[in-house]
Amino acid sequence: MRRVIMIGLMIAFLGGCTTSTFLIAKENDTRAYRFGSTSKRLKRILCESGDFKRVLRDAEIPEHLKPQFYEYVCTESVSKEKVVSLYQFLTPDERKSLKRAFVKHGYTVNYVPC
Amino acid sequence: MRYFGFTRITVIVFILVLPLVILSPAVADEKAPDFTLTSVNGTSYSLSKLRGKVVVLNFWATWCAPCLEEMPTLDSLYKRYRQRGLVVLGVSIDRKRETVEGFLEKNPVSYPILLDTKGEVFVNKYTVSGLPATYIIDGKGLIVDQYIGKRDFTSEDFLQFIEGLLKGGYGR
């Protein structure tokens, strides 16, 4: 039990003190990814499937940010730093809306508080 | 025995990682991206026109609690050194001018508050990774330090740093 608590504290400490985004996992997928990760597998799941376009369509975030999010997540200009910055630019309500849009389209979301 | 070993390892990891998490890494001097933004009262500010001055560039939002907590210390800093040429610029990323105006009516500050409602400077120029974010720019237009998170801009350490910059050196 103590070991579990120690591991949990370590994860919370390391994860909670970094500026970042949040974790996403496609339903029935055993792996979670940080939104903005440059993982090729995530790109396949999120981008090639068309999921991210649908997520952005439904997210209530400023329209001019949507093509930027798409560019830095799904194109050759992929950039974790830009995705983090775009996410940090969102208001708390806009962030919630983005996460709800992910959930709507079959993803689970774990928010890592900072 | 195994149990005790795991606990020891966990403690060691904490001790090794803690400094990395807490300390803001100093940024190697890089040129501060130029920008032009308008203040809430309609005045235009260009960073390039402030060459020769020490600039404290602070990104904030009315919905960011740590941002609001550090603002009084920024205001104190500005009042202390404005006569010596220090420039403090607060860049709000709120969506609407009215929101910022409403906040400032109840919480006035002496330094200019600029509006970056579309994120052109926050995202495209500075790629800011958190709020609040503060960049210290020397007279040559170089970023000599940057911080993510709340700071006390009236701490002795920071005041000494600013004094050094105002005198023309880096002060550290």
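Things to note:
- Area projected by the alpha carbon convex hull of the stretch B:110-169, averaged over all directions, nm²: 5.0
- In the stretch B:23-149, one over the average inverse separation of all distinct C-alpha pairs is 14.6 Å, which is the Kirkwood hydrodynamic radius.
- One decimal place: the segment residue B:79-residue B:142 gains 20.4 nm when fully extended, by the rule 0.36 nm per residue minus the C-alpha distance.
- Buried area at the A-B interface (accessible, heavy atoms, 1.4 Å probe, summed, Å²): 2300
- Once the mean of 1/r is taken over each pair of separate Cα atoms and inverted, the stretch B:85-136 shows a Kirkwood hydrodynamic radius of 12.0 Å.
The values are calculated or read from the model by the stated rules, or taken from the named source; none is laboratory data. Owing to the predicted nature of the structure, the values given are computational and were not obtained by experimental measurement. SASA here: full protein model, heavy atoms, side chains in, ligands and nucleic acids out. Shrake-Rupley method; radii C 1.70, N 1.55, O 1.52, S 1.80 Å.
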